[in-house]
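The values are calculated or read from the model by the stated rules, or taken from the named source; none is laboratory data. Model, not experiment: these values are computed from the prediction. Cβ coordinates were reconstructed from backbone atoms using ideal geometry, including for glycine residues, and neighbour counts include every protein chain displayed. When the accessible area is computed, the model is the full protein with side chains, heavy atoms only, and any ligands, DNA or RNA have been set aside. Shrake-Rupley method; radii C 1.70, N 1.55, O 1.52, S 1.80 Å.
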Amino acid sequence: MTNTGGGGPRPRTSWWREGAITALAFALCLLGGVLQVDDTLSPPSVSAYVIAVVSCAVLPVRHRAPLAALAATTAVGVLVPPLGLLLTPLIVTPAVITAYSYSLAARTERRAASAVVLTSAALAAAIPAFGDFSWKDASRMGVVAAFPLVAGVLGHSVRNRRAYLEAVEERARRAEQNRDSEARRRVAEERVRIARELHDLVAHQITLANAQATVAAHLFDTRPEQTRTSLKELVETTSHALDELRATVGLLRQSGDTAAPAEPAPGLSRLPTLLESFRRAGLEVSVHQEGTVRPLPPGVDLTAYRIVQEALTNVTKHAGTGSARVRLVWTGERVTITVADDGGGTRTAPAVSTGPTVSSGPTASAGADRSPGYGLIGMRERATAVGGHLSAGRRPEGGFLVSAQLPLPPAQDPKRDRDRATTTEEGQMTDGEAGDTP
């Protein structure tokens, strides 16, 4: 059967309750049939049984077709006076029950109110329409009209209560889903951040170690002293790499905050040390700065350091050249970091789409089978995370260029700072003079 009022099929466990409601309505209908028009009591007539059976037979379908059930029970109630029975709230109990059900299941409040009002008006109008009308009939008409209205108000209240509870449950469900999604997002972001940090640490140190080992192997027979120097630097590089990995893994294994102070994150202040490590590996790096150097926020400072580190690591691994240029341009709103090489060697620059971790040159045959890395991807992610932009690609004149633009905090106005300092000094002098006055 088509659901015209929004109610669905009743579960099997509720049929016993439907049977109890139908039996109670049938009993109340028969009780209403006991009252006669002359205010006497007599056993229910055949008409009372017909009214009770027909109206109560409609009740089980009121959830699937509430409007049809309401119309049927109302029509049966209107036929009560022509059949010689007294129209009372008891005999129209099925109409009251269907009015409640329709108000509960109606799609709009206006439709529910209209249907319930029409039901009350039809039942009340049936009293004066058949037979004489007295003051007792007027009071009975008011009571008969009030019962469906009260049932409709109760149904509307229950409907609003259910809608409110459903809305609360829906909000709670969405909030739980949002919390789960947010937790998964944060876990994914943290995994990416950890992977990026480990990549920068390992790629830099292992690249330097590989370069130093290559130099030592090349000079092993001809220059033993220089070979020892290269091997000593190799030991220092691998030791430093192990220390950084041990510290990173230690931080990941901690379940809470540590009481020991953590080592500050690297920044551009450690750039000379970084460049010296590449120079020891055989890469000559020149640095050129333009503009006024300004302090960077910690996140931007770390990003600038890692971009220079990763770009120089790519030069060492892929460019096949012995020199690179680092340029820092400071402007009012951003700092531009450029790392370029002339590409004079035989190695190939990394592809922009895959990331710069594919080895070539002397180990090209071994590196050809390696999977692409995530160097450029990590640099772009770092620059984007702090509100900057990074571009990388081959230069027309040869070589590879990495360029990053990172935002700077608003610069303080020197004139305003001088005026503020002058005002402070004048205030202090005024206070001193006022203190000397007797």
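Residues being among the aliphatic types (A, V, I, L, M) and in contact (Cβ under 8 Å) with a residue 60 or more places away in the chain: count how many of those fall in region 105-116.
Going through region 105-116 one residue at a time, the tally reaches 2.
Can you name every residue in region 272-326 that is part of a helix (DSSP H, G or I) and in contact with an Asp or Glu (Cβ under 7 Å, 6 or more places away or on another chain)? Let's see the steps before the verdict.
Residues of region 272-326 part of a helix (DSSP H, G or I): 272-280, 298-319.
Hits for region 272-326 are Arg280, Arg306, Gln309, Glu310, Val315, Ala319.
Based on this model, can you work out whether Ala124 counts as open to solvent by less than 60 Å² (accessible area, probe 1.4 Å) and either within 54 Å of the chain's Cα centre (by Cα) or in contact (Cβ under 8 Å) with a residue 40 or more places away in the chain (or both)?
Details: open to solvent by less than 60 Å² (accessible area, probe 1.4 Å): yes; either within 54 Å of the chain's Cα centre (by Cα) or in contact (Cβ under 8 Å) with a residue 40 or more places away in the chain (or both): no.
Against the criterion (open to solvent by less than 60 Å² (accessible area, probe 1.4 Å) and either within 54 Å of the chain's Cα centre (by Cα) or in contact (Cβ under 8 Å) with a residue 40 or more places away in the chain (or both)), Ala124 does not qualify.
Every residue, every condition in (1) more than 17 Å from Val144 (Cβ to Cβ); (2) among the polar types (S, T, N, Q); (3) not in a loop (DSSP other than H, G, I, E, B), yes or no:
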site: Arg64; (1), (2), (3): yes, no, no
site: Leu70; (1), (2), (3): no, no, yes
site: Pro82; (1), (2), (3): no, no, yes
site: Leu86; (1), (2), (3): no, no, no
site: Pro89; (1), (2), (3): no, no, no
site: Pro94; (1), (2), (3): no, no, yes
site: Ala99; (1), (2), (3): no, no, yes
site: Arg107; (1), (2), (3): yes, no, no
site: Thr119; (1), (2), (3): no, yes, yes
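This table checks each residue for (1) of a type in the set (S, T, N, Q); (2) modelled with pLDDT of 80 or more.
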site	(1), (2)
Leu86	no, yes
Leu90	no, yes
Thr93	yes, yes
Thr108	yes, no
Ala121	no, yes
Asp132	no, no
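Could you please let me know if Ala163 is within 53 Å of the chain's Cα centre (by Cα), at pLDDT 85 or above, of a type in the set (Gly, Ala, Ser) and assigned to a helix (DSSP H, G or I)?
Yes.
Do you know which residues across region 210-226 are assigned to a helix (DSSP H, G or I) and among the hydrophobic types (A, V, I, L, M, F, W, C)?
Ala211, Ala213, Val215, Ala216, Ala217
Against the definition (open to solvent by 70 Å² or more (accessible area, probe 1.4 Å) and modelled with pLDDT of 75 or more), how does Arg191 come out, yes or no?
Yes; evaluated as a whole, the condition is true for this residue.
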